Amino acid sequence: MGAVKERADATAADAMPWLLLTAKPVGSQGSFSNVASIQRVNTVGGAAPKAGCSQAEAGKAARVNYTADYYFFKRK
């Protein structure tokens with residue numbers, strides 16, 4: 001589970017924002033149990049289309065490609 005701690009606009013207008021999330025472990029112990037924060041940076045794409053959708057397109061899935069780098073930081 002995570003919550004936004006910091007947010008920054010991406011360098012490109014059509015890219016998702018960069019995020020710093022605080023992480024809270026939930027469930028059983030596993031690979032991500034000691035993660036304290038997650039950083040999403042270097043995003044490319046991912047923003048919702050500016051045209052939106054029409055009544056004819058309502059309810060249909062839309063795919064929007066994006067890439068990003070994710071960094072996971074563990075608790076000390």
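The values are calculated or read from the model by the stated rules, or taken from the named source; none is laboratory data. Source: prediction; values computed, not measured. Every residue, glycine among them, receives a Cβ derived from its backbone with ideal geometry; neighbour counts consider all protein chains shown. Protein only, heavy atoms only, side chains kept; ligands, DNA and RNA dropped before computing areas. Shrake-Rupley method; radii C 1.70, N 1.55, O 1.52, S 1.80 Å.
Here are some notes:
- Note on region 11-23: residues that are open to solvent by 80 Å² or more (accessible area, probe 1.4 Å) and over 22 Å from Tyr66 (Cβ atoms) total 0.
So that you can scan it fast, the table gives a plain yes or no per residue for (1) open to solvent by 90 Å² or more (accessible area, probe 1.4 Å); (2) in a strand (DSSP E or B); (3) touching a strand residue (DSSP E or B) at 6+ places or on another chain (Cβ under 7 Å); (4) modelled with pLDDT of 95 or more:
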| residue | (1), (2), (3), (4) |
| --- | --- |
| Pro25 | no, no, no, no |
| Gly30 | no, no, no, no |
| Ser33 | no, no, no, no |
| Ser37 | no, yes, yes, yes |
| Asn42 | no, yes, yes, yes |
| Pro49 | no, no, no, no |
| Gly52 | no, no, no, no |
| Asp69 | no, yes, yes, yes |
| Lys76 | yes, no, no, no |
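- Among the residues of region 54-67, the ones that are more than 17 Å from Leu20 (Cα to Cα) and not in a loop (DSSP other than H, G, I, E, B) come to 4 in all.
- Complete set of residues in region 24-40 that are within 19 Å of Asp69 (Cα to Cα) and either in contact with a Cys (Cβ under 9 Å, 6 or more places away or on another chain) or not charged (D, E, K, R) (or both): Ser31, Phe32, Val35, Ala36, Ser37, Ile38, Gln39
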